[in-house]
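For reference, the structure discussed in these notes is given below.
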Amino acid sequence: VPPLVTVLRTPIIPELKKELVTWDGDVVHAHSPPPLSSYYAAKACAVTKKSFVLTHHCDLEIPSPLGPVIVGLYEHTLGRYTLSRADRVIVTSHSYAATSKVVWGRGACPIPNPVAIDRFAPSVSGRKIRRRYRPPLILFVGRLVYQKGLEYLIRSAEHVPDATYLIVGDGPMRKELEAIARHIAPGRIVFAGRVPDKDLPRYYGACDIFILPSISRLEAFGIVVLEAMASGKPVIATDVPGVRDVVIDNVDGLIAEPLNAKDLAEHINRLLADPTLRKRMGQAGRAKVLASYTPKIVAQRVEGVYEEAIAQR
């Protein structure tokens, strides 16, 4: 169903309601954000009386002076209606259920995102990539947007001698981040841009440490952390809701302060200085993924929510 228009990266698709009204099924499972798609789904279910399940991935944030006003207006109107129509609400972590006012009182069920354990595995070789760049390699994967906290990761390189920072992904902040990198650590911070999906596991296989330096609640889970763990790599993540549920500090990774380049550097240097610790954390991360984050395990939990929603309806 094509969008009528896209505003603030939000597709507006009023035809979605019409399609769902005529659709023959048992459960409509909507995901927010983008917020308006889930609203249209809720409106359709109000007509058809179908079961409606909503996954609330993250709280909305618009980085502009009017952003809080727009978000507040949505949450008190269309957002409130969408949640009120949901038979069941899913969030991706316990900490998000506890800290998101949007889902308080909705009986939100924490179900994490899964990771493809066969694609992302310790057996995947990153040898060719390691030959291309000078190790040790610090890896980031994701969009180059403000909520990822990449400026602080780049500034941490000032306190981490000799390591190469490999940044995989693209986005609106790329030019700004490249300028900072040239000033902080010329030649040691590599912007690889987008890489083909089939090649991504090899980048995880090549790195010594994976880092997700998020600074915002828009980073509600961080599936790239799971991809790194599944690949048997130690991770450093920042202390933001959702992400901190995936990493157990000093067990399968380290938790750093957000907005703090020096703290990131201290955690990086600690892991670089201790290969045994890196190996132990990588093994612990892989074991955790196999125990809790496989597609089969997550799918069974989601299916259970569908059954509850149908029974209630």
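The values are calculated or read from the model by the stated rules, or taken from the named source; none is laboratory data. Just so we're clear, the structure is a prediction, and the values are computed from it rather than from any experiment. Note that each Cβ is placed from the backbone with ideal geometry, even for glycine, and that neighbours are counted across all protein chains shown. To get the accessible areas, we keep the full protein, side chains included, count just its heavy atoms, and leave off ligands, DNA and RNA. Shrake-Rupley method; radii C 1.70, N 1.55, O 1.52, S 1.80 Å.
Side notes on the structure shown:
- Residue match in the stretch 31-46 (condition: more than 26 Å from Ser93 (Cβ to Cβ) and either touching a His at 6+ places or on another chain (Cβ under 7 Å) or of a type in the set (Val, Ile, Thr) (or both)): no
- Residue ID - nearest to Glu307 (Cα to Cα), chosen from residues in the stretch 18-58 that are open to solvent by 70 Å² or more (accessible area, probe 1.4 Å) and not β-branched (Val, Ile, Thr): Asp26
- For the stretch 62-77, the criterion of a residue being touching a Lys or Arg at 6+ places or on another chain (Cβ under 6 Å) and either within 20 Å of Ala299 (Cβ to Cβ) or part of a helix (DSSP H, G or I) (or both) is satisfied by no position.
- Given (1) at pLDDT below 95; (2) out of contact with any helix residue (DSSP H, G or I) (no Cβ under 8 Å at 6 or more places or on another chain); (3) open to solvent by 50 Å² or more (accessible area, probe 1.4 Å), index of the condition Ser123 fails: (1)
- When the stretch 137-180 is filtered for residues that are within 15 Å of the chain's Cα centre (by Cα), of a type outside the set (Gly, Ala, Ser) and assigned to a loop (DSSP other than H, G, I, E, B), the ones remaining, listed by number, are Arg143, Leu144, Val145.
- Subset tally (residues that are among the hydroxyl-bearing types (Ser, Thr, Tyr) and outside any helix (DSSP H, G or I)) for the stretch 16-39: 1
- Residue within the stretch 40-47 that is assigned to a helix (DSSP H, G or I), out of contact with any Ser or Thr (no Cβ under 8 Å at 6 or more places or on another chain), without any contact (Cβ under 8 Å) to a residue 24 or more places away in the chain and over 26 Å from Val298 (Cβ atoms) present: no
- When every residue of the stretch 93-102 is checked against the conditions, none turns out to be modelled with pLDDT of 85 or more, open to solvent by 10 Å² or more (accessible area, probe 1.4 Å) and of a type in the set (Lys, Arg).
- The stretch 170-228, residues that are within 21 Å of Tyr96 (Cβ to Cβ), of a type in the set (Asp, Glu) and out of contact with any Phe, Trp or Tyr (no Cβ under 6 Å at 6 or more places or on another chain): Glu219
- Counting only residues that are closer than 21 Å to Leu226 by Cβ and either open to solvent by 40 Å² or more (accessible area, probe 1.4 Å) or of a type in the set (S, T, N, Q) (or both), the stretch 72-92 holds 1 of them.
- Against the conditions (1) surrounded by 15 or more Cβ atoms within 10 Å (Cβ to Cβ); (2) touching a helix residue (DSSP H, G or I) at 6+ places or on another chain (Cβ under 8 Å); (3) free of Cβ contacts under 8 Å to residues at least 60 places away in the same chain; (4) assigned to a loop (DSSP other than H, G, I, E, B), Ala237 satisfies every one except (4).
- Residue in the stretch 198-209 that is modelled with pLDDT under 90 and open to solvent by less than 10 Å² (accessible area, probe 1.4 Å) present: no
- Where a residue in the stretch 132-144 is of a type in the set (Lys, Arg) and its partner, wherever it lies, is open to solvent by less than 20 Å² (accessible area, probe 1.4 Å), with Cβ under 7 Å and at least six apart: Arg134/Thr164; Arg143/Gly169
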